[in-house]
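Notes follow once the structure below has been shown.
The values are calculated or read from the model by the stated rules, or taken from the named source; none is laboratory data. This one's a predicted model, so the numbers in the text were calculated from it and none came from an experiment. Accessible surface areas use protein heavy atoms only, side chains included; no ligands, DNA or RNA. Shrake-Rupley method; radii C 1.70, N 1.55, O 1.52, S 1.80 Å.
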Amino acid sequence: MKQYKSFSEIEFDLKRLNLERQIAFEELKGIKGEYAESLKPANWLQTAFKYVFKIGSLMLVKKAVT
């Protein structure tokens, strides 16, 4: 446990901890936004089309080779 020698040290640490808390909160808001964006149906469709295109291309190449 830290021992303080003056009130100015306490105030300094309280301000620093408050700023750290605010930074962590803003980072969480950013992560929440990214998470919400990744769950949108448009992103799911884009991913699905990408995989369908890959599989279709592979099947086309396979048929062309045989």
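Within the option set Q46, Q22, being of a type in the set (S, T, N, Q) and modelled with pLDDT of 95 or more holds for one residue only, Q22.
A single member of L60, L19, L45 is more than 29 Å from the chain's Cα centre (by Cα) and not aromatic (F, W, Y), and it is L60. Quick check: is even one residue across segment 50-59 open to solvent by 100 Å² or more (accessible area, probe 1.4 Å) and not in a helix (DSSP H, G or I)? Taking every residue of segment 50-59 in turn, none turns out to be open to solvent by 100 Å² or more (accessible area, probe 1.4 Å) and not in a helix (DSSP H, G or I). How many residues does segment 1-44 contain that are open to solvent by 90 Å² or more (accessible area, probe 1.4 Å) and among the β-branched types (V, I, T)? Number satisfying all stated conditions: 2.
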